């Protein structure tokens with residue numbers, strides 16, 4: 001390997017997408033919980049509708065679980081490379097004010 005080459009990129013490109021998607025998805029999941037709780041209570045007399053809502057909640061939870069696995073994989077790649085994720089990277093994902 002020459003002096004100008006890197007062994008591998010420190011932070012995978014797809015990790016930013018996964019982190020942002022996980023953050024937005026988690027906020028959405030918690031926020032819609034306030035809608036689904038009363039909706040399930042109101043629609044409980046109709047088992048088909050209740051089952052459909054529960055399936056929707058389960059699929060959203062599965063998606064968040066898959067994002068968590070991808071996030072753990074990406075962060076493990078960074079750790080194994082011996083690199084550190086800079087503070088600016090985290091700030092760009094979390095979008096701190098000023």
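Restricting 75, 53, 79 to residues that are surrounded by 10 or more Cβ atoms within 10 Å (Cβ to Cβ), farther than 21 Å from residue 30 by Cα and in contact with a helix residue (DSSP H, G or I) (Cβ under 8 Å, 6 or more places away or on another chain) narrows the list to 75. Selection of first residues in the range 77-90 that are farther than 13 Å from residue 16 by Cα and of second residues that are loosely packed, with under 13 Cβ neighbours inside 10 Å and at pLDDT below 90, restricted to Cβ pairs under 7 Å at least 6 apart or on distinct chains, gives the following pairs, ordered by first then second residue: 81/8.
Listed here are the residues, each with its yes/no results for (1) out of contact with any strand residue (DSSP E or B) (no Cβ under 6 Å at 6 or more places or on another chain); (2) within 16 Å of residue 12 (Cβ to Cβ); (3) at pLDDT 90 or above.
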site: 40; (1), (2), (3): yes, no, no
site: 53; (1), (2), (3): yes, no, no
site: 56; (1), (2), (3): yes, no, yes
site: 72; (1), (2), (3): yes, yes, yes
site: 79; (1), (2), (3): yes, yes, yes
site: 89; (1), (2), (3): yes, yes, no
site: 93; (1), (2), (3): yes, yes, no
site: 96; (1), (2), (3): yes, no, no
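Name the single residue, out of those in the range 32-48 being in contact with a helix residue (DSSP H, G or I) (Cβ under 9 Å, 6 or more places away or on another chain) and assigned to a helix (DSSP H, G or I), that is surrounded by the most Cβ atoms within 10 Å (Cβ to Cβ). Step by step, filter the range 32-48, then rank; the result is 36. Residue selection: residue 60 satisfies the criterion of being touching a residue at least 12 places away in the same chain (Cβ under 8 Å) and surrounded by 11 or more Cβ atoms within 10 Å (Cβ to Cβ).
The values are calculated or read from the model by the stated rules, or taken from the named source; none is laboratory data. Not measured: the values here are computed from a predicted model. Neighbour counts are summed over all protein chains in view; Cβ atoms, including those assigned to glycine, are modelled from backbone coordinates with ideal geometry.
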